[in-house]
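Read through the structure below, which is laid out as structure tokens, and then see the notes.
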Amino acid sequence: MEQSELYGPIASNVWHQLSQIKLLICDVDGVLSDGLIYLGNQGEEFKTFNTKDGFGIKALQNAGIVVAVITGRESRIVTERMASLGVSHVFQAQADKRISFNQLLSELNLSPAQVAYIGDDVVDLPVMALCGLGVAVNDAHPLVRKRADYITQLKGGRGCVREVCDLILEAQGVLEQAQGMSI
């Protein structure tokens, strides 16, 4: 067991894998959002995003780690939120997320071992199985939790992405630098 200063004990194999990550891929609904979709009377769609997750994404990018999104739904809200965070690898309306995953590996010249994927439901399992580190959010479907290498302490839309970002940066020894802290 390794010890994260922020999140407690982490299995040694997970800690090692965190230290190798060059790409974090996130699902959206249930991961970057709480999974709820609010629909207005005029057909408008609303989602909430946690600013802590946004800060974690920016910190990863500061450390040179690429962040991507692969989601099964299409949403202008996702396009706008990812653009505001500087996430340029955004794949929406993906029925088979493995296609986008393989495209990212090719584009970025990475091996699967250098990738972490964070998901919450069974549609995420095929990509999680290909990655070096498969992460389930705390409130993920039981099958996803069962097959994950790591389960976050925090729930989807409630800072779980920040948790994974912090752990990657901590395992790589650049947490404070990437977050712009000079303590």
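What is the number of the single condition among (1) without any contact (Cβ under 8 Å) to a residue 60 or more places away in the chain; (2) open to solvent by 30 Å² or more (accessible area, probe 1.4 Å) that Arg158 does not meet?
So Arg158 meets the others, but not (1).
Hey, among Val135, Val90, Val144, Val78, which residue is part of a strand (DSSP E or B), of a type in the set (A, V, I, L, M, F, W, C), without any contact (Cβ under 8 Å) to a residue 60 or more places away in the chain and crowded, with 21+ Cβ neighbours inside 10 Å?
The unique qualifying residue is Val135.
Evaluate the following for Leu60: is it in contact with a Ser or Thr (Cβ under 9 Å, 6 or more places away or on another chain), of a type outside the set (Val, Ile, Thr) and surrounded by 19 or more Cβ atoms within 10 Å (Cβ to Cβ)?
no
Every residue in region 147-164 that is assigned to a helix (DSSP H, G or I) and either out of contact with any Ser or Thr (no Cβ under 9 Å at 6 or more places or on another chain) or under 16 Å from Ala68 (Cα atoms) (or both), please.
The answer is Arg147, Cys160, Val161, Arg162, Val164.
Here are some residues: Ala83, Ala113, Ala95. Which one is modelled with pLDDT of 95 or more, farther than 22 Å from Arg162 by Cβ and among the small types (Gly, Ala, Ser)?
Ala113
Hey, Val67 hits all of (1) closer than 20 Å to Val144 by Cα; (2) open to solvent by less than 20 Å² (accessible area, probe 1.4 Å); (3) not in a helix (DSSP H, G or I) but one; which does it fall short on?
So the condition that Val67 fails would be (1).
Give region 93-132 a look and list any residue that's open to solvent by 70 Å² or more (accessible area, probe 1.4 Å), part of a loop (DSSP other than H, G, I, E, B) and under 23 Å from Glu74 (Cβ atoms), or say none.
Ala95
Can you name every residue in region 1-39 that is part of a strand (DSSP E or B), within 27 Å of Leu108 (Cβ to Cβ) and of a type in the set (S, T, N, Q)?
Ser4, the sole residue that qualifies.
Here's the yes/no breakdown for (1) within 24 Å of Leu36 (Cα to Cα); (2) not small (Gly, Ala, Ser):
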position: Glu107; (1), (2): no, yes
position: Pro112; (1), (2): no, yes
position: Val115; (1), (2): no, yes
position: Gly119; (1), (2): yes, no
position: Val123; (1), (2): yes, yes
position: Ala129; (1), (2): no, no
position: Gly134; (1), (2): yes, no
position: His141; (1), (2): yes, yes
position: Tyr150; (1), (2): yes, yes
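The values are calculated or read from the model by the stated rules, or taken from the named source; none is laboratory data. Model, not experiment: these values are computed from the prediction. Every residue, glycine as well, gets a Cβ built from its backbone with ideal geometry; the counts of neighbours run over all protein chains shown. When the accessible area is computed, the model is the full protein with side chains, heavy atoms only, and any ligands, DNA or RNA have been set aside. Shrake-Rupley method; radii C 1.70, N 1.55, O 1.52, S 1.80 Å.
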